[in-house]
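To keep things clear, I will list the structure first and then write my remarks on it.
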Amino acid sequence: MTTPFTFELLATDGAARTGFVKTARGDIRTPAFMPVGTVGTVKAMYLDQVRDAGADIILGNTYHLMLRPGAERVARLGGLHEFIRWPYPILTDSGGFQVMSLAGLRKMSEQGVVFQSHIDGKRHEMSPERSIEIQGLLGSDIQMQLDECVALPAEPDVIRKAMELSLRWAERCKTAFGEQPERAMFGIVQGGDDEKLREDSAKALTGLDLKGYAIGGLAVGEPQEVMLAMLDVTCPILPADRPRYLMGVGTPQDILRSVAHGVDMFDCVMPTRSGRHGLAFTRRGRVNLRNARHAEDHRPLDEESTCPAARDYSRAYLHHLIRSGEALGAMLLSWNNIHYYQQLMQGIRDAIASRNYAAFSAQTEAAWERGDIDPL
């Protein structure tokens, strides 16, 4: 007997919520941060490390996986979970964001998008139905509708047309997805920085009675205040008994503040991308290991961390690895960053459960503001 996809709230503190998403492959504690496994790998990390850090779910990218190694091939090899040795929940995005970013290599229509591969220039078509088909071949637990994402700032008419097209595509994706009790398809609220369009999009998507709802088209160039204002408009419209996913967000501060506005799920490449470039996230804020001040610093990133990368290696060694371009530097800092993000999410969940979220948030931001430990 399969486990149906459900969402349960355990506690609220203001608009902040904690609970869990139940899937056939395990529970996802919320608020949740999903490490991004673009092509079936969270860059510079073993997936065992990702799991041990506290991640309940990772994200896979439909666009990249359809091009290489190919969705049909992944299906023949047993699906994405078996292919990458991750038996826990996986969310796949629709591929829409990557396709839309190929401005000079794509052609849009009501039917979908025709685009050229950035790898070999081969033409592909991505329709709502094809996006759902690919995600089904990959076997993900949460699948996203195909949508049109507009970079901000943009003209009002461009934002409106993209939002309306995304709604029509959501209906087609729902039909293509059909009845799959153990899996979910999420719709995506669009509307740019226009409150009325966000409201219209959220209301229309709610009418489709989906198992979850995402908020897209934010963190694409607009100030944080605009993003939070759009959440204030959108979240109260979305059903309280369904998860809310803010796509592509973001920094620890973005997450901390968005949770206070009612968001349950997040994803971003930032922790691993930053790690590969020498930037560490810690409870004392960001630490740039490229900086010469660390060259003879014997102290670890965080002596109290339970992550070996943060606790057991000196800053001097991490600085040396990054400056030398050694792969181990990227691996250790990515490990530290994923671990820190997951520890932050656990702190968020605990604070909401104890109804102490405002104080936790203020204390966390104050620690970031104070900054790193004094230099030697």
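For this structure, a couple of remarks:
- Some residue of the stretch 2-10 being within 19 Å of L246 (Cα to Cα), of a type in the set (D, E, K, R) and outside any loop (DSSP other than H, G, I, E, B): yes
- Scan of the stretch 147-162 for residues that are over 25 Å from the mean Cα position of the chain (by Cα) and acidic (D, E), ordered by number: E155, D157
- One residue from H81, H64 being closer than 29 Å to S166 by Cα, in contact with a Lys or Arg (Cβ under 8 Å, 6 or more places away or on another chain) and either of a type outside the set (A, V, I, L, M, F, W, C) or modelled with pLDDT of 95 or more (or both): H81
- Selection status of D13, under 15 Å from the mean Cα position of the chain (by Cα) and of a type in the set (D, E): no
- Residues (among the acidic types (D, E) and touching a residue at least 40 places away in the same chain (Cβ under 8 Å)) located in the stretch 29-77: E72
- Criterion: modelled with pLDDT under 95, out of contact with any Leu (no Cβ under 6 Å at 6 or more places or on another chain) and not acidic (D, E) - qualifying residue of G178, G121, G136: G121
- Test: I188 is under 20 Å from R244 (Cβ atoms), among the β-branched types (V, I, T) and in the same structural domain as P89 (by TED's automatic domain parsing): yes
- Summed over the stretch 301-320, residues that are buried (at least 20 other Cβ atoms within 10 Å of the Cβ) and either more than 25 Å from the chain's Cα centre (by Cα) or of a type in the set (A, V, I, L, M) (or both) total 7.
- Qualifying position, being part of a loop (DSSP other than H, G, I, E, B), under 21 Å from T6 (Cα atoms) and not aromatic (F, W, Y), among Q143, Q180: Q180
The values are calculated or read from the model by the stated rules, or taken from the named source; none is laboratory data. The structure presented is a predicted model; accordingly, all values stated were derived computationally and were not measured. Methodologically, a virtual Cβ is constructed for each residue, glycine included, from the backbone with ideal geometry; neighbour enumeration extends over all protein chains shown.
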